[in-house]
Structure formats: C-alpha cells, structure tokens
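Following: one structure in structure tokens, then a few remarks.
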Amino acid sequence: MKLTDISGTFGQWLSGTGPLAEVVLSSRIRLARNLAGHRFVNRCTSEEKAQILETLREVLLSIELTEERFFVEIDQASDLTRSFLVERHLISRHHAMGKGPRGAVIAKGEYFTGMINEEDHLRLQVLMSGCQLGRCAELINQIDDMIERRVEYAFHPRFGYLTACPTNVGTGIRVSVMLHLPCLKMVGHLDRFLNAARDMNLAVRGLFGEGTEAIGDLYQVSNQVTLGVSEQDLVRQSEQNIIPEIVEYENAARRKLLADQQETIDDKIARATALLQSAQLVSSHEALTLLSHLRLGISMRRCLGASTPAIDRLCGLFGHDPCKDTKAIEVLNRLLLTTLPAHLQLNYGKALETYQRDALRAKIIRAALGGGS
Amino acid sequence: MHCQICKKNAATIHLTEISEGHRTELHLCESCAIQQGIAAKTHISVKDLLAGLLASQPSEEELFGPEVADKACPVCGFRITSLNKEGLMGCPHDYEVFEDVLVLILERAHDGKSRHIGKVPSRAGQGTKRALELARLKEQLKAAVRDEQYELAARLRDQIQQLEGKCQGGMPS
Ligand SMILES: [Zn+2]
Ligand SMILES: [Zn+2]
C-alpha cells in the first residue's frame, strides 16, 4: 500500500456521517508518548532519532490491527507529499517541517496515524467522522495498549506519561473536533463562543489561516489540560456536554436566521451556488468560503428540514431524495480538501502554477455540482 | 525555527494563509501572533507560564534558588533556563531532577493540577498503580464534596482508607 492509494480515495472521517455531523466534521484523539531511556526528540542526535524511528516503525506496522498500514519516511518525502499529508490531517505541520529522521505510519481508511519523532517520539492519532470521541478513545486506547506491550514508555508516578512539552504531560491526550460554525459568525456571536471556550479551558483555532476570522468557518476545538484529569472524564465531558452545547449554539443561530432573516441565508447560498457552478477560476480562499455556504445549505435541510428557494435549488443538484443530503455533505466535505493546493497537484500528478490550480479547482467543483465541464 | 516578526522567540504558531491562490506560510511566536490579532487562544506556551512566574521575580535564580538555577540533568544537560528558551524538556529524567519546580509550572498549565490520575501503563509496578488509584479517588472525593454528593463522598472515603491501609502509609499525599 502506498501514498497514491489514499490521494484518490477518502477516509471514513470525511463521510459526513456520525452524530451531529451537520456541525461536527470530524473527531480526533491524539496521544503523546515517549520511550523510556531516550532523550526527547529535540535533544536527540540523528543516530538516536534513526534508532527510535526504526523501533517504532516496526512496532506500528506489526501490531495486530485489522487495517492495512503503510509507512511514509517524512524526511525523504517531497514537499508536495508532506503538504498533502498536512492538508489531509494525517501529519502535523510541525512534523512536516521538522528535522532529521522521522516518519508516519498511516492506516488505510485513515482511522489511525502514528507520527514518529514529531515533538515526542510517538504521537498516535485516531480520526473519525462526526462526534464520535468515545469510539476514538476506545480505539486509541487499544492501540496504545498493544504498543505498550512491545516498548517501555517514559512514565512518572506523579506526572504520568512524560512529554517533551510540560503542557502535554499526564495523560498526553488531546481531544479535538473540527466544527463548521458559519451562523455563529453571521449573528455576531463568535466572540461569545470564543470566551465561553476559554472559560472551559478549551483552545480554539481557525482551521485555515487568519485566526478568529477562520476561512470557511471551520474551527478546531481542543482541551488544554492534560494532567489531573482522567482520559474518560475528558472524553465524556467533551462528547456529552461541551460539543453538543456548541452545536446547539450554532443550530440556534441557524434557526434564528431562518426565521428572522431568511434572505440573508438564502442570498449567501444562492450566490455561492451560482458562482461555483459557472466560475472558471477559483482561488483556495474563495473555494473554502463558498463551499462553506453550500455545506450550510445542505446541512440546514438535513437537520432542520429547511426549505427555501436557494436551499431547494442546491439540494436539487444532488438529487431530490432526502437521503442524498448525507451524500451531499460528504461531497462537500471532500471538496473542502480536494481543492486545497497539494491535493490538487498530487491528484493531477504534477506541480501546477497558481493559475492552473485555480482553473482545475473551478473545474472540479463545477463537475461535483453537476455542471459537467 | 524563529518567529518571522520578532526574529527572536521560537515560532510556536504556524499558519497557512491562502489569498488569491497564493499560499504563504507564517511562523510566529505566541506574543507576536496575539499582537497581530491572529491567535484567539492557542495552547498556552511554556514561555508564558514561566513569564507568569517570573514577572514578579527577575530571575530563575531568585525564583527557584541558586541550587535549581545551577542544577543540570546528568543525562541530557537540561537546565530550567532551557525550558524558557526552548519551551521543551530535554529527557524523561528531567521530570525527576526538577520535580519541585515542575509542580509549580504544571499547576499553572493544568488548572491547578500536578498529579496524574489517568491511564497507567500495564507494566508499571503495583505501587505506582495503587498510588495513582489513590490520587484518582481523592480527586473524585473532592468533586463529590464540591457537588454535595455526600453519600458518594462517604463511599469514596472508605475506599481511600482501605487502599491506604494496603499501602501501609508509604504513599505520597
Ligand atoms: Zn515573535
Ligand atoms: Zn535530562
């Protein structure tokens, strides 16, 4: 199995299924682990890193998981490959831009990735669609147990799992969700959301670029405290309280706009549809912004049963059968990724100029919206 | 990697800006990012944690005492000043060498907590497992008392006493 096998296909995490999928694109849990008896990555010589890489590569490829896995030697990979993996959420930007021997073991279906020699010796990640943190936690715990039978982790009786950065110590767990929150911004409640998140010790960042004004209205929310709290409590709290509350906040904004200012929503959806159906050049920024409005339209139909002229027309593009709406969400989730620069180029098979990328992006979106070429 | 704005601090915030099809990467330190209005709230940097501690105290030596400021890890050479510079520890052993100082830093980062109550590796010794179970029960007891769940609190107290008996008082409080 190779990287090209996944560039044309998609992980389950983009399927638009799972609880609260109208707002929660995906759930992710990450564990930071280090091997006992080694210095942390930032103090390792190249030889020590190579040794750790070899040990963990062998373990991650041989533990008994049903999913087929493959290994990418990140330090030998091309810039395009690294950017692709970052866009796909399979490795971190930090890992892509690191130094020295490092790699990633990636499971087919993209449920699971192990980054070796990122900031810590091992960063495990499990990724699923919708709000499924409990299932993510279960799977990553099993994988962690399997690895732990083969290697000795650095562990301290008081501080727990030891990590290079003290902000990750203890459980080493980072629980995060990717959220689509277009209406919180439209009703001007984004600040309230950010303040509430801060009070709950959550970190919020825009998935793409410019901070609070996240392009495409996509946000990543994650826990900051990793010590003095159990994994189960963190996961349970996120899945049962925090995330549903944020989703309800967004849905309340959607219902309010639909009731009081239907034209505001309809205008955005109608313009986005018309533009993307006919534009010949579309930049990344424009694509993310407009696709966000389409995704909003489809998900308002699916979870609120909304019917407006623009939403009806948009849903019609994907077929009038209501169960097509989930399929439509999946198409849009995928377009958000496939139209990013590294995805475009890897799927096209070679490097493209900005102008060529914008043309290709426009063409892919037109085709997905049923407009042919 | 250094921050692209101040060219001094380590860059901890990495952004990709896409405008008109151009992809530019931005690598900033926390404080420059906040000044630029970019960081809403990212993960707290160790630098900020130390800065908070150091604000009232001019130097590591004055804060932690000369023994700590001069101390170096025999395995990797890590000093507490390296944490300020790099934001990272050097090796697992540092957590033992600097345990007392780390308690202060960790409490700032983790909402006042400095004791792990989560998962324990299966190969950890019985003593470690019991100590962590005890810490977990004490945490639950605190929460039960706070939430006025007195029946639960009583049950937890019994469990704690039982476990403490097994440990023969040899556990850290
Ligand atoms: Zn700076
Ligand atoms: Zn050390």
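Under a straight-distance cross-link criterion of Cα-Cα below 18 Å, which aspartates and glutamates are reachable from A:Lys350, leaving out those fewer than 8 residues away in the same chain?
Within the straight-line limit of under 18 Å, A:Lys350 reaches these aspartates and glutamates: A:Asp5, A:Asp79, A:Glu87, A:Asp358.
Relative contact order for region A:1-130: what percent, with Cα pairs under 8 Å and sequence separation of 6 or more?
Values: 224 pairs, mean separation 52.5, N = 130.
Once divided by the residue count of region A:1-130, the mean separation gives 40 percent.
Between helix A:262-278 and chain A, what is the angle of the helix's C-alpha long axis to the longest principal axis, kept within 0 to 90° and rounded to the nearest 10?
80 degrees
Once a ≥ b ≥ c are taken as the square roots of the eigenvalues of the Cα gyration tensor of region A:332-373, is the result rounded (a/c under 1.5), prolate (a/b larger than b/c) or oblate (a/b not larger than b/c)?
It comes out oblate by the Cα gyration axes.
Against the longest alpha carbon principal axis of chain A, how many degrees, from 0 to 90 and to the nearest 10, is the axis of helix A:190-199 turned?
20 degrees
Can you list the aspartates and glutamates whose alpha carbon sits under 13 Å from that of B:Lys113, skipping same-chain ones fewer than 8 residues off?
Once the sequence-local aspartates and glutamates are set aside, what remains near B:Lys113 is B:Glu139.
Holding the Cα-Cα limit at 31 Å, pick out from A:Lys363/B:Lys7; A:Lys108/B:Lys129; A:Lys108/A:Lys363; A:Lys99/B:Lys71; A:Lys99/A:Lys185 the pairs that are longer than that.
Checking Cα-Cα distances, A:Lys363/B:Lys7; A:Lys108/B:Lys129; A:Lys99/A:Lys185 exceed 31 Å.
Just tell me how shielded A:194-204 is by partners: mean number of partner chain Cβ atoms within 10 Å of each residue's Cβ, no decimals.
On the way: counts 2, 2, 0, 2, 2, 0, 0, 4, 1, 6, 3.
Whole-number average of other-chain Cβ neighbours for A:194-204 is 2.
Pairs of alpha-carbon atoms within less than 8 angstrom and 6+ residues apart define the contacts here; what relative contact order does region A:261-368 have, in percent?
Once divided by the residue count of region A:261-368, the mean separation gives 38 percent.
Hey, what did region A:4-253 get for relative contact order, percent, Cα under 8 Å, at least 6 apart?
For region A:4-253, the relative contact order is 25 percent.
Rounded, prolate or oblate: which fits region A:222-356 when a ≥ b ≥ c are the square roots of the eigenvalues of the alpha-carbon gyration tensor, with rounded for a/c under 1.5 and prolate only if a/b beats b/c? Mind dumping the intermediate values first?
Values: a/c = 2.21, a/b = 1.19, b/c = 1.85.
Verdict is oblate for region A:222-356.
Exposure proxy check: A:Met300, A:Met97, B:Met89 ranked by fewest other beta carbons within 10 Å?
Starting with the residue having the fewest Cβ neighbours, the order is A:Met97, A:Met300, B:Met89.
Please give me, ordered by residue number, the GluC sites (Glu not before Pro) of region B:119-170 that lie in loop per DSSP and have at most 11 other Cβ atoms within 10 Å.
Sparse-neighbourhood loop GluC sites (Glu not before Pro): B:Glu148.
Nearest 10 degrees, 0 to 90: what angle lies between the long axis of helix A:243-260 and the longest principal axis of chain A (Cα atoms)?
That helix lies at roughly 10 degrees to the long axis.
Taking the highest mean first, how do the peptides B:64-77, A:215-228, A:171-184 order by number of other beta carbon atoms within 10 angstrom per residue?
My ranking of the peptides, most packed first, is A:171-184, A:215-228, B:64-77.
Which loop GluC sites (Glu not before Pro) in region A:38-115, with loop taken from DSSP, have no more than 14 other Cβ atoms within 10 angstrom of their Cβ?
In loop regions of region A:38-115 (DSSP not H, G, I, E or B), the sparsely surrounded GluC sites (Glu not before Pro) are A:Glu64, A:Glu67, A:Glu68.
For the protein assembly as shown, what does the alpha-carbon gyration tensor say about shape, rounded, prolate or oblate, given a ≥ b ≥ c as the root eigenvalues, a/c under 1.5 as rounded, and a/b over b/c as prolate?
prolate
Shielding by partners for A:218-230, please: the mean number of other protein chain Cβ atoms within 10 Å of each residue's Cβ.
5
Read the figures in this text as sums done on the coordinates, not as results from a lab. Please read all numbers here as calculations on a predicted model, not as lab measurements. Backbone-built Cβ (ideal geometry, glycine too); neighbour counts: all protein chains shown.
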